[in-house]
Amino acid sequence: MPKVDWKPGNMLYPLPAVMVSLGETPEEFNIITIAWTGTICSDPPMCYISVRPGRHSYEILSRTKEFVINLTTRDLAYATDWCGVRSGRHHQKFDSMNLTPGKASVVNAPIIEESPVNIECKVTEIKPLGTHHMFLAEVVNVMVEDKYLDSETGAFSLKKARPIAYSHGNYFGLGKKIGKFGFSVEKKKTRRKRHEKHMKNRKGGDEAV
């Protein structure tokens, strides 16, 4: 089918919609909503956020070199959007959105208590790129609310957390799972056993109700 050339641009989708919390004291605590973020290394665990130099949070990040990536949910969608369109120069965002700044385990930046997962980060390098500067960071700790953990496997349950994603100006909830990593090469016997286990667990859950 014919295709049309567009000017170069970032057409990746969807993207995370996270709230990044930062600051060393309650007076400067701030939240910035970030879509330019992601994983860049597994070992050591590293991630990045990209921020415009003109943002209020940029000076705080450059000085403290610490931040927390707080994953967002459908319940946090309004606050996620609001914190992305209001400046910390004029608003105390924790107070305005009735969010709770909590104590992180390693960094001085606060966590957002209402977020299901808080990823504590220490900046290792700041890379000026153009409109945005990239803050490369090492993940030094992760906090997870236990109610979102699977009681049997200990794995994080996306279904319980109801995370949101961002795509070209719109927020979306995650839909139905369509496959598991490696499903394209999974043997039929393994797939059948996994399905049987799933149905058995589902039946047990129904009986418990």
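Worth pointing out:
- Using a simple spin-label model with pseudo-atoms 7 Å out from Cα toward Cβ, E28 and K177 lie 4.3 nm apart.
- Relative contact order of the range 80-139, pairs being alpha-carbon contacts under 8 Å that are 6 or more residues apart, as %: 19
- Taking GluC sites (Glu not before Pro) as exposed when DSSP calls them loop and at most 11 other C-beta atoms lie within 10 angstrom, the chain has its longest site-free stretch at 28-151.
- Which of L158, L76, L129 has the fewest Cβ neighbours within 10 Å, and the rest in rising order: L129, L158, L76
- For the range 43-152: rounded, prolate or oblate by the Cα gyration tensor [a/c cutoff 1.5]: oblate
- Backbone N atoms of the range 67-88 closer than 19 Å to the 7 Å Cα→Cβ label point of H56 belong to residues 67-70, 78-88.
- Shape class for the range 39-103, computed from the alpha carbon gyration tensor (a ≥ b ≥ c): oblate, with a/c not under 1.5 and a/b at or below b/c.
- For the chain, the Rg and Dmax computed from alpha carbons only, in angstrom: 19.7, 60
- Size of electric dipole in the range 15-173: Cβ of Lys, Arg +1 and of Asp, Glu -1, about Cα centre, debye, nearest 20: 500
- Unsatisfied cross-links (Cα-Cα over 31 Å) in the set K93/K122; K65/K176; K65/K177: K65/K176; K65/K177
- Short-range pairs are left out: with C-alpha atoms under 8 Å and at least six residues apart, the relative contact order of the range 15-173 is 26 percent.
- Inter-site label distance for K122 and E145 at 7 Å from Cα along Cβ, in nm: 2.8
- The range 120-194: translational diffusion in µm²/s, Stokes-Einstein, Kirkwood Rh over Cα pairs, 20 °C, 1.002 mPa s: 128
- Förster-model FRET efficiency, 22 Å R0, A77 and L12, C-beta, rounded to 0.05: 0.60
- Taking the number of Cβ atoms within 10 Å of each Cβ as an exposure proxy, the fewest-first ranking of T131, T100, T73 is T131, T100, T73.
- Exposure proxy shown here: for F172, F135, F181, the number of other Cβ atoms within 10 Å sets the order, fewest to most, as F181, F172, F135.
- Modelled FRET efficiency - R0 41 Å, D5 with R63, Cβ distances, 0.05 increments: 0.45
- Estimated from the Cβ-Cβ distance and a Förster radius of 45 angstrom, the FRET efficiency linking S96 and E186 is about 0.40.
All of the numbers you see were taken from the coordinates with simple rules; none came from a lab. Every value quoted in this text rests on a predicted model; they were computed, and no experiment measured them. Here the Cβ is made from the backbone with ideal geometry for all residues, glycine too, and neighbour counts use every protein chain on show.
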